[in-house]
Amino acid sequence: MQLQADWEPRYARRAERMRASEIRELLKLLDEPGIISFAGGIPDPALFPVETAREAYAAALADGVAGQALQYSVSEGYLPLREWIVGHMGRLGVPCETDNILITSGSQQALEFLGRLLLTAGDTALVTAPTYLGALQAFSAYEPRYDELRPEHGNRTPDAYRRAAAAEQGGDVKFAYVVPDFANPTGETLSLAGRTRLLDLATDLGIPILEDTAYAALRFEGEPLASLQALDIARIGSIDATRVIYCGTFSKTLTPGLRTGWICAGRALIRRLVLIKQMSDLNSAAINQMVMHRLASTQYPAQVAKAIEHYRRRRDAMLAALERHMPSGVTWTRPEGGLFIWLTLPAHIDTRALLQRSVAEARVAFVPGAAFFAGDTGHNTIRLSYSLPGEAEIAQGIERLAALVKA
């Protein structure tokens, strides 16, 4: 007897745009013995403040507060944590109040909420090429077209962006998305001139800027640059008038497992995002927010300093290994912070095919760079992360990878 195929419904059109994350798939390789993985930009668990977290959970579950910790909570987020974030944003040059803060399940939820709020099918999102894969995933469900931002090298005119958006799908340019500090995937930082050009473009287009700051705290060297939001507020004088939407997270500084991020923006936009939060998951877990508040208020500066020193050593080990082993014709970025280095190989090398050989022969994993482009390009590029392997593993893995590239 012939068995019937498994039943599936008729999916929404946007479901066809959903793709598995190449990075999430590659993370499965971490469990394979002998693999040196430069794939995921995953924080090193050796840095996690485990003992403080244990104490914080015990305090959250103590008599008198356990009911609050285990109960539904307000959608805006745990008030003491939002108050800590207000102080943190103030230290970054962004004077704001708790009504300007929404707690999210990591910055990834923030990006998904903003795509849902701002995009209608056919609208245009401006992104750099390459850009963060998770942002493309968050936005693509809402069926945008993408156009390229080039803030370091001069963007096109606002009218050129508008005409392209209207001509191709009849939509509007709705926002610009950027990772200005130690970007995922390139590790590069947007200069002050580039930030100014981007603010000017957004002003002329009348669009918001989505500022993803996941790595901004991890600066190893050089002078810090003001966030786009701080620069915009300095121009216009008010958080409620800014067109910059700041997406922050504790994932790269304290721990990703608590899934705690935030959006800082004008009150009117936050009110709309709160409605989306209510429709999505009601509220982020109260107990996790309470624990994160304790971690942030007692550990944040020390944890950031520890992470900077830790990842600086690994970046230096990877840069040294690349200099020693990579053949001529291969170039790479030299980040001042963050977790990533971006390689560009000779044009004839397809890094997806190279990955298959690298895992099978060299036992080294990386992320092929094409995943970070909205269009069909970047096939000769690679994202390397130095966050998890130790210095000796980094040296060994780069030597193996370089030998394969030479071959």
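When Ala138 is tested against the conditions (1) touching a residue at least 40 places away in the same chain (Cβ under 8 Å); (2) in a helix (DSSP H, G or I); (3) under 15 Å from the mean Cα position of the chain (by Cα), the lone failure is (1). Just one of the listed residues (Ala360, Ala371) is closer than 17 Å to Trp342 by Cα and at pLDDT below 95, and it is Ala371.
I'd like to know if the stretch 59-79 contains one or more residues that are under 30 Å from Gln356 (Cα atoms) and modelled with pLDDT of 95 or more. No. Exactly one residue among Pro130, Pro95 is assigned to a loop (DSSP other than H, G, I, E, B), under 24 Å from the mean Cα position of the chain (by Cα) and surrounded by fewer than 20 Cβ atoms within 10 Å (Cβ to Cβ), and that residue is Pro95. Of all the listed residues (Ser238, Ser280, Ser284), the sole one being buried (at least 21 other Cβ atoms within 10 Å of the Cβ) and within 24 Å of Leu81 (Cβ to Cβ) is Ser284.
Considering only residues that are of a type in the set (D, E, K, R) and touching a residue at least 40 places away in the same chain (Cβ under 8 Å), look in the stretch 200-222 and name the one that is nearest to Tyr132 (Cα to Cα). Break it down into steps so the answer makes sense when it comes.
Residues of the stretch 200-222 of a type in the set (D, E, K, R): 200, 204, 211-212, 219, 221.
With the extra rule that they be touching a residue at least 40 places away in the same chain (Cβ under 8 Å), the set shrinks to 204, 212, 219, 221.
On the way: Asp204: 25, Asp212: 9, Arg219: 19, Glu221: 23 Å.
Per the criteria, the residue is Asp212.
Exactly one residue out of Leu355, Leu401 is buried (at least 19 other Cβ atoms within 10 Å of the Cβ), modelled with pLDDT of 95 or more and among the aliphatic types (A, V, I, L, M), and it is Leu401. Answer yes or no: is there a residue in the stretch 366-385 that is surrounded by 15 or more Cβ atoms within 10 Å (Cβ to Cβ), among the charged types (D, E, K, R) and either free of Cβ contacts under 8 Å to residues at least 40 places away in the same chain or outside the structural domain of Phe139 (by TED's automatic domain parsing) (or both). Yes.
Matching residues to (1) at pLDDT below 95; (2) under 21 Å from Pro180 (Cβ atoms); (3) charged (D, E, K, R):
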site: Trp332; (1), (2), (3): no, yes, no
site: Leu339; (1), (2), (3): no, yes, no
site: Trp342; (1), (2), (3): no, yes, no
site: Asp350; (1), (2), (3): no, no, yes
site: His379; (1), (2), (3): no, no, no
site: Gly390; (1), (2), (3): no, no, no
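In the stretch 302-322, the condition of being out of contact with any strand residue (DSSP E or B) (no Cβ under 7 Å at 6 or more places or on another chain) and closer than 28 Å to Ala62 by Cα is met by at least one residue.
Within the stretch 243-259, the residues that satisfy the criterion of being out of contact with any Leu (no Cβ under 9 Å at 6 or more places or on another chain) and either free of Cβ contacts under 8 Å to residues at least 60 places away in the same chain or in a loop (DSSP other than H, G, I, E, B) (or both) are Pro256, Gly257, Arg259. Looking at the stretch 207-231, which of its residues are in contact with an Asp or Glu (Cβ under 9 Å, 6 or more places away or on another chain), surrounded by fewer than 23 Cβ atoms within 10 Å (Cβ to Cβ) and farther than 12 Å from Ile245 by Cα? Within the stretch 207-231, Arg219, Phe220, Glu221, Gly222, Pro224, Leu225 qualify. Among what's in the stretch 160-195 and is assigned to a loop (DSSP other than H, G, I, E, B) and more than 18 Å from the chain's Cα centre (by Cα), pick the residue that is surrounded by the fewest Cβ atoms within 10 Å (Cβ to Cβ). Only one residue fits best here, namely Gly170. Counted as qualifying within the stretch 260-362 are the helices (runs of 4 or more DSSP H) with 2 or more residues that are more than 27 Å from Asn380 (Cα to Cα) and of a type in the set (A, V, I, L, M, F, W, C), namely 267-280, 286-325. Considering each residue of the stretch 241-266, count those that are farther than 18 Å from Gly87 by Cα and within 21 Å of the chain's Cα centre (by Cα), and give that number. Adding up the residues that qualify gives 9. Arg267 - would you say it is surrounded by fewer than 18 Cβ atoms within 10 Å (Cβ to Cβ), among the basic types (Lys, Arg), touching a residue at least 60 places away in the same chain (Cβ under 8 Å) and in the same structural domain as Leu81 (by TED's automatic domain parsing)? For Arg267, the condition - surrounded by fewer than 18 Cβ atoms within 10 Å (Cβ to Cβ), among the basic types (Lys, Arg), touching a residue at least 60 places away in the same chain (Cβ under 8 Å) and in the same structural domain as Leu81 (by TED's automatic domain parsing) - is met. The residues on offer are Val74, Val86, and the sole one that is in a helix (DSSP H, G or I), aliphatic (A, V, I, L, M) and surrounded by fewer than 23 Cβ atoms within 10 Å (Cβ to Cβ) is Val86.
Here is the figure for the stretch 161-205: residues that are within 20 Å of Phe373 (Cα to Cα), modelled with pLDDT of 95 or more and either touching a Cys at 6+ places or on another chain (Cβ under 7 Å) or polar (S, T, N, Q) (or both) total 3. Looking at (1) outside any helix (DSSP H, G or I); (2) under 30 Å from Ala12 (Cα atoms); (3) in contact (Cβ under 8 Å) with a residue 60 or more places away in the chain; (4) of a type in the set (Ser, Thr, Tyr), which is the one condition that is false for Ser107? Single failed check for Ser107: (1). Scanning the stretch 252-282 for residues being of a type outside the set (Phe, Trp, Tyr) and closer than 22 Å to Ile233 by Cβ gives a total of 13.
The values are calculated or read from the model by the stated rules, or taken from the named source; none is laboratory data. Since this is a predicted model, take the numbers as computed values, not measurements. Ideal geometry is used to build each Cβ from the backbone, glycine not excepted, and the neighbour counts take in all protein chains shown.
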